[in-house]
1. Taking LEU121 as meeting all but one of (1) touching a helix residue (DSSP H, G or I) at 6+ places or on another chain (Cβ under 7 Å); (2) at pLDDT 95 or above, write down the number of the exception.
2. Out of curiosity, is GLY63 farther than 20 Å from LEU128 by Cβ, small (Gly, Ala, Ser) and touching a residue at least 40 places away in the same chain (Cβ under 8 Å)?
3. Of the residues LEU42, LEU18, which single one is at pLDDT 95 or above and either out of contact with any strand residue (DSSP E or B) (no Cβ under 6 Å at 6 or more places or on another chain) or surrounded by 19 or more Cβ atoms within 10 Å (Cβ to Cβ) (or both)?
4. Of the numbered conditions (1) open to solvent by 50 Å² or more (accessible area, probe 1.4 Å); (2) of a type in the set (Gly, Ala, Ser); (3) at pLDDT 95 or above; (4) not in a helix (DSSP H, G or I), GLY78 satisfies every one except a single condition; which is it?
5. From the list VAL9, VAL86, pick out the single residue that is among the β-branched types (Val, Ile, Thr), touching a residue at least 12 places away in the same chain (Cβ under 8 Å) and open to solvent by less than 50 Å² (accessible area, probe 1.4 Å).
6. For segment 77-90, check the following and say yes or no: at least one residue is touching a Gly at 6+ places or on another chain (Cβ under 8 Å) and under 20 Å from PRO51 (Cα atoms).
7. If I ask for residues that are touching a residue at least 40 places away in the same chain (Cβ under 8 Å) and open to solvent by 10 Å² or more (accessible area, probe 1.4 Å), which ones from segment 45-54 would you list?
Amino acid sequence: MTNQKSSCVLLADQHHGLRDGVRELLETEFETVFMVANEASLLEGAGRLKPAIVVVDLSLAAGDLRGLLARVTERAPGSKVLMLTVHDETTVAKAALAAGAEAVVLKSRLATDLLAAVDALRAGRRYLSPELSL
């Protein structure tokens, strides 16, 4: 993990308990963690905040992952997208990367993979939880 905190990250996840745990991890790397629970708030936050990283739960895509990530990057073109998922199939990771995500982290590996993914994104690299290797 880096020694210098970035300004902000936007975290979009519908699951309150998980969102709080992810927030605590992200607060070690970012000055401010903004949390939202739905697509409308995600898009508004991305447009207003222009965060360094947008962390998005795959379930927010509601079947339109490519469309969701296109809307996010349209509103925050410099932001990197880190996708969270419970699905450990490589097809899900491939779909997320093809849709514009630059990192995919399994929710079951948040404690070990989330900050590693943040570091990779900051260094300009993609990141996949090990179980998702392509």
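The values are calculated or read from the model by the stated rules, or taken from the named source; none is laboratory data. Not measured: the values here are computed from a predicted model. No Cβ is skipped: glycine too gets one built from the backbone with ideal geometry, and neighbour counts run over all protein chains shown. Please note that ligands, DNA and RNA were not included when accessible areas were found on the heavy atoms of the full protein model with its side chains. Shrake-Rupley method; radii C 1.70, N 1.55, O 1.52, S 1.80 Å.
1. LEU121 satisfies every listed condition except (1).
2. No; evaluated as a whole, the condition is false for this residue.
3. Of LEU42, LEU18, the one residue that is at pLDDT 95 or above and either out of contact with any strand residue (DSSP E or B) (no Cβ under 6 Å at 6 or more places or on another chain) or surrounded by 19 or more Cβ atoms within 10 Å (Cβ to Cβ) (or both) is LEU42.
4. All conditions are met except number (3).
5. VAL9
6. Scanning segment 77-90 turns up at least one residue that is touching a Gly at 6+ places or on another chain (Cβ under 8 Å) and under 20 Å from PRO51 (Cα atoms).
7. Listed by number, the residues that qualify are LEU49, ALA52.
A quick yes/no check of all residues on (1) more than 14 Å from the chain's Cα centre (by Cα); (2) outside any helix (DSSP H, G or I); (3) among the polar types (S, T, N, Q):
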residue	(1), (2), (3)
LEU84	no, yes, no
THR91	yes, no, yes
ALA96	no, no, no
VAL105	no, yes, no
ALA116	no, no, no
